[in-house]
Amino acid sequence: MTPKPAGPPDGGWGWVVAAAAFAVNGLSYGLLRSLGLALPDLAEHFDRSAQDTAWVSALALAVQQAASPVGSALSTRWGARPVVMVGGVLTSLGFVFSAFARSLLHLYLGLGVLAGSGWALVFAPALGTLSRYFSRRRVLAVGLALTGNGASSLLLAPALQLLLDNFGWRGALLLLGAITLHLTPCGALLRPLALPGDPLGPPRSPLAALGLGLFTRRAFLVFALGTALVGGGYFVPYVHLAPHALDRGLGGYGAVLVVAVAAVGDAGARLLCGWLADQGWVPLPRLLAMFGALTGLGLLAVGLSWGGPLLAAAGAYGLSAGSYAPLVFGVLPGLVGVGGVVQATGLVMMLMSLGGLLGPPLSGFLRDETGDFTASFLVCSSFILSGSFIYMGLPSALPSCRPASRPGTPPPERGELLPNPQVTLLPPGGPHSTLDSTC
């Protein structure tokens, strides 16, 4: 038997896993964001409304996020490598099946259910495996992987438009099926890594495999509630930032510029915040609450801005939202330990999907009722601010009167934010008095 290493290698093959996770993120969320370019062609071909065809991408996103705990459970039982490889095959088959669709129902089943189920099997296991390979540089590695979303959107959007112009939507979907098959070799790169603190055997029940027992831990329960509330507003700009810019009179190219500024700020902040978080200057839960609150304030500014200030507000929102993204996954090993990080990642995706399914429809409803998106962005920013306030209940989220010093060795991989035995405060001048005392 191969002996377990003392801790994550913090590099080495981990960078290959980071590249694989980068590609997985790009071929899942990046492709999903670009898929809307094909919806007008689908509406014209099947003579259906834009609302009917919009359910194709909406259903794919909902299935991908809601079924992520299933991908985590299968990964816990069989390992991330075979699960991600099978997910890549399912995603590819969903696109190939949809290329021969004769009705929108076929597209709902092909892209929505089949491809969405494949995406559910790839994202959480890939990101969870990446977290196991890193300790001190974990948030930077996660941030690097999450930039695959923006990079893929910049590449796939013009490529997809080119395919639609030259081959039609059927040919474009068929070729996208070939492209998404590259998820399979990405899964092959996810080499298993045994670490101290891993469970001795596979889970004995389906509920244990899904990781639902994590909700019995107070810290994870606080994190879950805050994340679900943040998800209620986090995805609104993905859907309604461009229409909001159009309502403010910026025009088509102005709206594109607003979205581009937010996307560039988002991508750059993921790497910068990953590096900042790994320096250890500020505890991760405190950074999570801080950047979550800044994201809510940025969304508030977007809702209240007009003209040129809207461009600046969109940039500020992109920077804060991009900083929040790697933290929400980087803090998990500290809350649940490395052994439960894959299951926790799947649960986080499911929680964000609950908020994501609420936010955009609520935003659209408020727009219909009020005539613009001002109330929409104000309400959704309140969701994010409320979730950030709940994050303050996490360990180390608030300053304490105990002097903090950066540890000389990586934190224990059982979960450095889990409760530890407290040191009793001795009387002043006692023979064993120490600076590391708890209030």
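The values are calculated or read from the model by the stated rules, or taken from the named source; none is laboratory data. Since we're looking at a predicted model, the values are computed, not measured. Please note: Cβ atoms are built from the backbone with ideal geometry, for glycine as well, and neighbour counts cover all protein chains shown. Surface areas here come from the heavy atoms of the whole protein model, side chains and all, with no ligands, DNA or RNA. Shrake-Rupley method; radii C 1.70, N 1.55, O 1.52, S 1.80 Å.
Tell me yes or no: at least one residue of region 153-162 is more than 17 Å from LEU27 (Cα to Cα) and part of a helix (DSSP H, G or I). Let's see the steps before the verdict.
Quick first cut of region 153-162, residues more than 17 Å from LEU27 (Cα to Cα) only: 162.
Narrowing further to those that are part of a helix (DSSP H, G or I): 162.
Yes, the conditions are met somewhere in region 153-162.
If only one of GLY110, GLY150, GLY128 is modelled with pLDDT of 90 or more, at negative phi and small (Gly, Ala, Ser), which one is it?
Numbers: GLY150 fails: modelled with pLDDT of 90 or more; GLY128 fails: modelled with pLDDT of 90 or more.
Of GLY110, GLY150, GLY128, the one residue that is modelled with pLDDT of 90 or more, at negative phi and small (Gly, Ala, Ser) is GLY110.
Since ARG102 meets every condition but one in (1) outside any helix (DSSP H, G or I); (2) basic (Lys, Arg); (3) within 19 Å of GLY339 (Cα to Cα), which condition does it not meet?
That leaves (3) as the condition not met.
Is one or more of the residues making up region 192-202 in contact with a Leu (Cβ under 8 Å, 6 or more places away or on another chain) and open to solvent by 20 Å² or more (accessible area, probe 1.4 Å)?
Step one: of region 192-202, the residues in contact with a Leu (Cβ under 8 Å, 6 or more places away or on another chain) are none.
Scanning region 192-202 turns up no residue that is in contact with a Leu (Cβ under 8 Å, 6 or more places away or on another chain) and open to solvent by 20 Å² or more (accessible area, probe 1.4 Å).
Could you identify the single residue in LEU155, LEU181 that is among the hydrophobic types (A, V, I, L, M, F, W, C) and in contact with a helix residue (DSSP H, G or I) (Cβ under 7 Å, 6 or more places away or on another chain)?
On the way: LEU155 fails: in contact with a helix residue (DSSP H, G or I) (Cβ under 7 Å, 6 or more places away or on another chain).
From the options LEU155, LEU181, the qualifying one is LEU181.
Rundown of residues vs (1) of a type in the set (Ser, Thr, Tyr); (2) more than 26 Å from PRO202 (Cα to Cα), yes/no style:
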{"site": "TYR29", "(1), (2)": "yes, yes"}
{"site": "TRP55", "(1), (2)": "no, yes"}
{"site": "ALA67", "(1), (2)": "no, no"}
{"site": "SER72", "(1), (2)": "yes, no"}
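Just to confirm my filter: which helices (runs of 4 or more DSSP H) fall fully inside region 313-403 and include at least 2 residues that are surrounded by fewer than 20 Cβ atoms within 10 Å (Cβ to Cβ)? Explain how you work it out, then say what you get.
Working: elements: 332-336, 341-370, 374-391.
Passing ranges, in order: 341-370, 374-391.
Within the set of pairs 6 or more residues apart or between chains, which connect a residue that is under 16 Å from ALA325 (Cα atoms) and modelled with pLDDT of 85 or more inside region 14-37 to a residue that is buried (at least 22 other Cβ atoms within 10 Å of the Cβ) and of a type in the set (Ser, Thr, Tyr) with Cβ atoms less than 6 Å apart?
GLY26/SER152
Residues to consider are GLY231, GLY268; find the one that is open to solvent by less than 50 Å² (accessible area, probe 1.4 Å) and free of Cβ contacts under 8 Å to residues at least 60 places away in the same chain. Break it down stepwise before answering.
Working: GLY231 fails: free of Cβ contacts under 8 Å to residues at least 60 places away in the same chain.
Residue meeting the stated conditions: GLY268.
Look at TRP281 and say whether it is at pLDDT below 90, in contact with a Lys or Arg (Cβ under 9 Å, 6 or more places away or on another chain) and not in a helix (DSSP H, G or I).
On the way: at pLDDT below 90: yes; in contact with a Lys or Arg (Cβ under 9 Å, 6 or more places away or on another chain): yes; not in a helix (DSSP H, G or I): yes.
Answer is yes for this residue.
I want to confirm something. Restricting to region 291-312 and keeping residues that are without any contact (Cβ under 8 Å) to a residue 24 or more places away in the chain and among the aliphatic types (A, V, I, L, M), which single residue is least open to solvent (accessible area, probe 1.4 Å)?
ALA301
To keep it simple, each residue is scored yes or no on (1) open to solvent by 10 Å² or more (accessible area, probe 1.4 Å); (2) in contact with a Leu (Cβ under 8 Å, 6 or more places away or on another chain); (3) within 30 Å of ARG204 (Cα to Cα).
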{"residue": "GLY14", "(1), (2), (3)": "no, yes, yes"}
{"residue": "VAL24", "(1), (2), (3)": "no, yes, yes"}
{"residue": "LEU37", "(1), (2), (3)": "yes, yes, no"}
{"residue": "ARG48", "(1), (2), (3)": "yes, yes, no"}
{"residue": "TRP78", "(1), (2), (3)": "yes, no, yes"}
{"residue": "VAL86", "(1), (2), (3)": "yes, yes, yes"}
{"residue": "PHE100", "(1), (2), (3)": "yes, no, no"}
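Please go through (1) free of Cβ contacts under 8 Å to residues at least 60 places away in the same chain; (2) crowded, with 17+ Cβ neighbours inside 10 Å; (3) not β-branched (Val, Ile, Thr) for LEU140 and return the number of the only condition it doesn't satisfy.
(1)
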